[in-house]
Structure formats: structure tokens, C-alpha cells
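The values are calculated or read from the model by the stated rules, or taken from the named source; none is laboratory data. Just so we're clear, the structure is a prediction, and the values are computed from it rather than from any experiment. Cβ placement follows ideal geometry from the backbone for every residue including glycine, while neighbour counts extend to all protein chains displayed. Side chains included, ligands, DNA and RNA excluded: accessible areas come from the protein's heavy atoms. Shrake-Rupley method; radii C 1.70, N 1.55, O 1.52, S 1.80 Å.
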Amino acid sequence: MAPQWLTFLSDYGHEDAFLGVCKGVIARTAPEVRVLDVLHLVAPQDVEQGAAVLASAVPYLPVPSVHLALVDPFRATPARGVAVRTADGSTFVSPDNGLTSLAWDACGGAVEAHVLDNAALWHPTPARTFRGRDVFSPVAARLAAGLALAEVGTAVGVDELERLAVRPPTVESDHVHGEVVQVDHFGNLTLNLERAHLEQAGITLGDEVELRCSGKSLVVPFLLTYGEVGRGRLAVCEDSFRTVTVAVNQGSAAQRLRAGRGEPLVIARRTSVGRGPVVLPPEPQVLSAR
Amino acid sequence: MAPQWLTFLSDYGHEDAFLGVCKGVIARTAPEVRVLDVLHLVAPQDVEQGAAVLASAVPYLPVPSVHLALVDPFRATPARGVAVRTADGSTFVSPDNGLTSLAWDACGGAVEAHVLDNAALWHPTPARTFRGRDVFSPVAARLAAGLALAEVGTAVGVDELERLAVRPPTVESDHVHGEVVQVDHFGNLTLNLERAHLEQAGITLGDEVELRCSGKSLVVPFLLTYGEVGRGRLAVCEDSFRTVTVAVNQGSAAQRLRAGRGEPLVIARRTSVGRGPVVLPPEPQVLSAR
Amino acid sequence: MAPQWLTFLSDYGHEDAFLGVCKGVIARTAPEVRVLDVLHLVAPQDVEQGAAVLASAVPYLPVPSVHLALVDPFRATPARGVAVRTADGSTFVSPDNGLTSLAWDACGGAVEAHVLDNAALWHPTPARTFRGRDVFSPVAARLAAGLALAEVGTAVGVDELERLAVRPPTVESDHVHGEVVQVDHFGNLTLNLERAHLEQAGITLGDEVELRCSGKSLVVPFLLTYGEVGRGRLAVCEDSFRTVTVAVNQGSAAQRLRAGRGEPLVIARRTSVGRGPVVLPPEPQVLSAR
């Protein structure tokens, strides 16, 4: 029988034993389940970041998996727990706060949902401030071990689930307003826009564009990859998830522009008179047997 | 046959390959064993912190497990290695420096111990400064794979093992002196006291208390969870491990109070004249199907 | 059948989902393979550091393993991907940039190599900036699951592979010029030299030496382990991988000397008149059953 995968994304970090304790509960509950860590350094309580990361990662995770996602800001009435089945047979276990909603589409869309209200599956005396350990982990482990979805609790319509609205970019005739959605380990800035948005503003691959960000205005090339500019140079390019990114070759765009998640920026077509045609550098040949 | 779990706690961090190398030794020695990481960011050489974390985590880890714990400050005479069996069948492998002593009680108490002096189980030429790799990891792996406890070396009485003394709080008629035992990833401060200690000082749930810490004096509520105060507000509350905690809802108490591990603090009953009754806010309903 | 190990070293860090996504691809491609994390905090694009860490770690990793190593600075022509088989049956999958070259010797030397040019094993539309996910991870997973080495692509002579030159120390009659190769989690500085280099300069165990580093000149003992000096004191000693290290007992030599990777330093014989014989402290007895 194939391994039963439980993927795990959270804002728990690595400085205390919260993560280890949840893995302990999963191992006690369903020792045959294998845990795959997606990310545990989501910014504390940042549901939007967690949702964006999970949506971009899920096409590369095992199918079917149980995806346990735990970013759970305290609210006057805490978000209920839900388990959501998607068309490809994947299951998302998380607070009903939109955290997994961006990932559902990548899995064919949500088709069935249940509230986690079957307390028989929980720790007998769950702590209010650590539902990850006492409710979500044991339920996710049971699901990964084969428990029927309906066993976790009351059915709820998928239309009643909370969904995140993604702020779209604003496309004008000669520029696009976007924002930084993610900063990766290398300092690359992932934006909330794709190449098509730039093309709608008359910007095409190979152009030089004006990049306005953090009070700066810079002229940078729009290229397929940041590898096409010199070391330490900025570029607007397409990242490995097909979204537009601002990057510095062998450096950190986040440091260079002093920009973080949520930072607004504008990418504008350059209209200066006399600009000659931009010559697109030859595309690097990947994995050539030089 | 059930998986054989080896849980692993250390102060090795993640910036070099020490941890990977120990896992390599475990995999070479006993490939069938599964490793569960509890925490590797114990502060360097901080045996007390490691002991406190392990004791709070162990009730949630698989039973039986071999618990490998490696925080090993250099001493003139290094702590001998020991393997300690508890009443529930768990086994703790660590230096004999008290690191696992707080966890034994949670596992029914220590019932058998052996010094790790059977060098046939070690790396042939163990390095003095990396016993984790050359002695503790291979011995723990062999135990997790089923080796009899007596094989690791000379028996020693459990009363001869080093134990940590936990500094208890001091309870006065109207206040309690405690200290910060742990700071978690979210900046919550776990104290060395439980709700009963506060009640002995005449403080009950729902009271406002005076919190003295780092030269500050603040009036904060004593509530069941920090979710009951507004965003960014301080509260004294019970954490998910049933110990008293100072927390900021969606913020960091460690930053707010500039307090770290070992910081002393006082929680005092407020006796000001004219204070009306404190109304406990309604308890949030967890996981309600709103 | 024995588990099939895939060890993984990279500069991906833990702040985004790059690592989780690669593990997802491995799990999708070959669910039976077990991943062992060696290190993911290699400094961004630092091939030399990655190579040094892998070479020191590999003697402790399972044999045979597939060793996936991903530190891949963008170059005008990106390094081709290669799979290198060593005499002990291990397989190294990485860019052909020298990253794994220092580890081959520890595995008996490279005996066979193939360029990763069989695109049938890759993601159908590989991203240029994330070959780790789209090329290296699926190929490494297939190899760990038993794919014949020749299937990954065109054979290439092992003499045509890129190799890193290790900068050797310069040994003079009474001093040695070296540099810091690694800084570990505890702040110990691993140098590019062994005890024999110091002995060639007339320095023997137990001597006091002059250590010149970062503009400072200090007199420190050359001892077997840093445990032989007092708490907070500097020592030159041998580390657990048999290389010379500068360490502070229960402290950080990196902080004390403000020295990082690549920092040059000199260890010189002390020739001052009238220096009496140095008495080597007794060697600590490791794991004594006191």
C-alpha cells in the first residue's frame, strides 16, 4: 500500500517544541503516516502568506495527501476547524479562515467539507490556545490513516467556507500597480501579477521598464530570468512558478529595494524619446552538455 | 511491527551539518528507525531549558520511544552517558547532567539505568567533542532497533543519576515571585508557576493583577486565554500546557516586556480601594459551527 | 529490502517552500525513498562551503545513498547537471560546479558520470530558475528508487567534471597561514589545516601559540579539546572531524574574534625568551563511570 502523506504548513517556527509536539501527536495517532514539511516559517498569524505559499506549492506535493495547515490568529470567535475535500481526492485540514482556499483550485476545486466537531477524535481536554496539537493534528492524522471524511463532523456546504480574496494588480495603459506577495530565502520579490498583466500595459519581454518601489525609481530590464543580467544587477522576470518577480542576480532584491511583503510597486513602460530597440540577450541553454 | 521511534532534542541548531551527521549515523546503524525532531534550537549548553522543553513535550510523543537528548556543556570531567528506562517502557539517552530528569515523571518515573560504557557500540575512535555523533547516536539507534538496555553498559542505580532542581515560585499572601522558563516562537513567556500558585496568593481568574517585570509595573487581566483581550493587549493566562503565561494577543510579550528566559517577575493582587468587581468576558466557544 | 536513502544538502534555507516543494517532487516521483536532510543553510550560492560540508559529512551518511546537492549560482551558461557514481556505490546528483567533488574521495573516488540530459525524467516544462525542483529532484528520486545510472543521460568522463581546488595552508618554519573554512552553530572556527601542519611549523600539542586574526594577536594554548581551558577561554584544538579549530569553551570564537568564513589567520610558534615548559593538563576521561 502506498505511503499516506500528511503535508504540514504552519507559522510555528523552529524555536520551540510546538512543531515537534504536533508531529508526536500525529505519530501516536497514526504511526504509518509520513509527514512532509512544506513550511513552518509563515509569518506569525499571516493567513494570506500561508495561503499564497500553499497554493503555489500544492501542485508539487503528493496526490492524494492530507494537507494540514495551521495559521490561526485568535479572534473573538475562533475560526471553526474544517476538513475540505477537493476533486483530486486531496484533503485540507485547517481553521476555516481562508488559509487553504487558494490551494483548492489547483486540486480541482472544493467538493465536500465538514466542520471538525466530532470531539471523540480530539484530545480529551483540548487547550484553547493549541488547537493545532489537540484538534487539528489528531484529526489530520486519522484522515491520513484512512478515516472517512464524514467522520470528522457535521457536513457544511463548500460555498459557506471562508475564502481569501487575492488583491489583483491594477493594469493601466502604460503601467501596472502591483504588490509584493512573497519574499523568498534569496531575497527575490514575488509580485501579485503575471506576464500577461505587463503585456496588457504594453510591456514585452526584453523591454527596459521603470520600477517604482519604496520611493525609488529605477530602470531595469524585463527578462525571462535574472541570470541574464550581470551579477548584482536588478531585473524584472518570471519566476519558477510563472509569476512576475523582482530579483538581483546573486543578491537580494529585498535588501536592495528595502521592500517586504505587501510593499506596493509600479512597473511602467518607458516612453522616453529616442530609445532604440532592446536586444534580448540569447537565452541561456539549460543543462547543455557544453 | 510498529515503527520504532527515536525522538531527538538538542542544541545543535540548523546552521551546520551536526544534526544531519547524527541522523546519518542513526540511519547507518538502524535504517528501520524513524526519527522525530522535537527541538534543535535549545540555547547552546542550556541544560535547564532542554529539560523543561522535553518534560512538557514528552506526554505528546510516541510510547514507547527512545528519546535522544543532547545538550552537553563541557565540564572538567564530562558527564557520563546514560540510558534511563522509565515505567512506561520509554528510554532516555543523554549525558547524565539532568537533561532528561524532568521528563521521567511524565513517563512513570525512572526504573532502570545503565552507563554507556560498552565501547563496542560506539564509533571505533570517538571524538571527545562530538560524543553526540560517536557515542550517543549509535547507542540510541541500537536501542530503538531493539537492543536490550543492559547491553549499553554497567547498571547504575536510578538514585545516583543527576537530577535538575526546578526553581519553584515563592508564594506570598498577596503576590507570587516567579520567573520566565521559556519564550516561545510567538514571544509568549511561560512562567514557573501554575494557576494554583496564584490562587494561593488570593488571585482568581478574572482578576486584574499587577505584573512587575524588567522594572515595569503593569495592570493586566488574569484570564483563561490571551484571546480574551484585544489585539496587542497583555494578559496573564494559562497556556496549552496548563502553566501560567504572559502573552500579548497577536503580539510578542517578550518584546513588549523586554524579558527573556530567567527573567524574574512578580504577579501581585491589586488592593486598591474602590475597585469594582471584574466581569470575566464570555469564554470564546472553540470550534463552534457558527 | 533496505530503505533507499536520498540525502539532501542545499542553500535553500527554511524561510520559503522551496525545500518542501522539492521534497514533494521526490515523494511524488518515488514515495518509497527516504530523505535525510544534511544541511539547507549553506550560504546562498557558496559552492565552496557546500562542498566542504558535504565532504566532512559524507563518511557518516548511509551507504549507498543518492546525495542530492543543490548550490547553483547562476552563470552565463548554467552548470550542466550531472550524476556521479563513486567506488562505494554512492551517487551524487548536482550541478557540475565542483559542489560534490570534495566528497568523492571519501567514497572511494568518482568512477562513472552522466550528464542529466534525458529530459524524459524531468518536469515537462522545467523552469530555468528552479532546476532543483524540475530536474535535479525528480532525477535523484528516480535514481534512489533504482533507476540505472546510464538512464539519466549522456556518459561523460570523470576527468571532465569540474573539481574544486581547496586552498591549502602555507607552512613556514615557525608559523602557518590558514583561513576559516567553516563557522559552526556554536561559533567554532574550523580552519583549512590539520595538526600535522602545525607540527611542521614546530608547534606541538600543549604549546602556547600566537594567534593572529582580524587585526588581533592573542596567546592561546594548542590543546586536544577546548574543554581543557576555562569557561570563556580561547583555544586552538582539534575538532571532531580531525581538523584544527579555534574555539571558546562555552562561548563563540566567531564573536570573540569577529571572524567569519574565509578570514585569514596565522598560528605562530612563540619564541619569547624564558618561556618555561607548558604543562599539558590531564586529558579528560570521556564517559567515565565516575
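Results, tabulated for the structure shown:
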read-out: MRE, 222 nm, helices only [DSSP H, n ≥ 4, -39500 (n - 2.57), over chain C, to nearest 500]; value: -4000 deg cm²/dmol
read-out: Integer Hz, Karplus 6.51/-1.76/1.60 couplings in order for the stretch B:201-213, x for Gly and Pro; value: 9, x, 9, 10, 3, x, 5, 8, 10, 9, 10, 10, 6
read-out: Lysines whose Cα lies under 27 Å from that of C:K23, excluding same-chain neighbours fewer than 8 positions away; value: A:K23, B:K23
read-out: Threshold 50 Å², the stretch C:64-88 residues less accessible with all protein chains present than alone (1.4 Å probe); value: C:F74, C:P78, C:R80
read-out: Using a Förster distance of 41 Å, the FRET efficiency for C:Q255-A:E112 (Cβ separation, nearest 0.05); value: 0.15
read-out: Whole-number accessible area per residue in Å² for the protein assembly as shown, which is evaluated in the context of all protein chains at 1.4 Å; value: 38 Å²
read-out: Spin-label model distance (nm) - B:K216 vs B:D159, 7 Å beyond Cα toward Cβ; value: 4.8 nm
read-out: Amide H within-cut-off set for C:A87, under 5 Å, with H built and near neighbours excluded; value: C:G109, C:V111
read-out: Label geometry 7 Å along the beta-carbon vector: A:R270 inter-copy distances in nm; value: 6.2, 6.3
read-out: Within straight-line cross-link reach of C:K216, lysines at Cα separation under 27 Å, skipping those fewer than 8 residues along the same chain; value: none
read-out: Using a 7 Å Cα-to-Cβ projection, B:T154 label spacings across copies, nm, ascending; value: 6.5, 6.5
read-out: Computed E for C:L205/B:V63 - FRET, C-beta separation, R0 56 angstrom, nearest 0.05; value: 0.75
read-out: For B:G251, net neighbour charge (Lys/Arg +1, Asp/Glu -1) across residues whose Cβ lies under 12 Å away; value: +3
read-out: For A:F130, net neighbour charge (Lys/Arg +1, Asp/Glu -1) across residues whose Cβ lies under 12 Å away; value: -2
read-out: Distant-in-sequence amide H partners of A:R80 (H built 1.01 Å from N, under 5 Å); value: A:D96
read-out: B:D72, A:D159, B:D11, ranked by accessible area, largest first (probe 1.4 Å); value: A:D159, B:D72, B:D11
read-out: Prolate/oblate/rounded call for the stretch C:128-189, Cα gyration tensor, a/c under 1.5 rounded; value: prolate
read-out: With DNA, RNA and ligands ignored, accessible area of A:L39 (1.4 Å probe; Å², nearest 10); value: 10 Å²
read-out: Dipole magnitude of the protein assembly as shown about its Cα centre (Cβ charges: Lys, Arg +1; Asp, Glu -1), debye to nearest 20; value: 960 debye
read-out: Cα-Cα separations in the stretch C:1-144 greater than 26 Å, expressed as whole percent; value: 14 percent
read-out: Built amide H within the under 5 Å cut-off of B:D72, gap 5+; value: B:Q45
read-out: For C:D88, inter-copy label distances in nm, listed shortest first [label point 7 Å out on the Cα-Cβ vector]; value: 3.8, 3.8
read-out: Sulfur and carbon atoms: percent of accessible area, the stretch B:101-186 [1.4 Å]; value: 50 percent
read-out: Residue and distance (whole Å) for the chain B Cβ nearest the axis that superposes B on C; value: B:H14, 4
read-out: Integer Hz, Karplus 6.51/-1.76/1.60 couplings in order for the stretch A:163-168, x for Gly and Pro; value: 10, 8, 8, 8, 6, x
read-out: B:E112, A:E263, ranked by accessible area, largest first (probe 1.4 Å); value: B:E112, A:E263
read-out: Sequence of C:T204, A:T225 from largest to smallest accessible area, 1.4 Å probe; value: C:T204, A:T225
read-out: Cα gyration tensor category, rounded, prolate or oblate, for the protein assembly as shown with a/c compared to 1.5; value: rounded
read-out: Inter-label distance, nm, simple model (7 Å from Cα along the C-beta direction), C:A150/C:D88; value: 2.6 nm
read-out: Calculated over the stretch C:165-240: convex hull of Cα atoms, volume per residue (Å³); value: 110 Å³
read-out: Total formal charge among the other residues, if their Cβ is under 12 angstrom from that of B:V63, Lys/Arg +1 and Asp/Glu -1; value: 0
read-out: Taking the stretch A:184-255 and dividing mean pair separation by its residue count, relative contact order in percent (alpha carbons under 8 Å, at least six apart); value: 36 percent
read-out: Buried area at the C-A interface (accessible, heavy atoms, 1.4 Å probe, summed, Å²); value: 3600 Å²
read-out: Pairs of alpha carbons in chain C whose separation is greater than 24 Å (percent); value: 56 percent
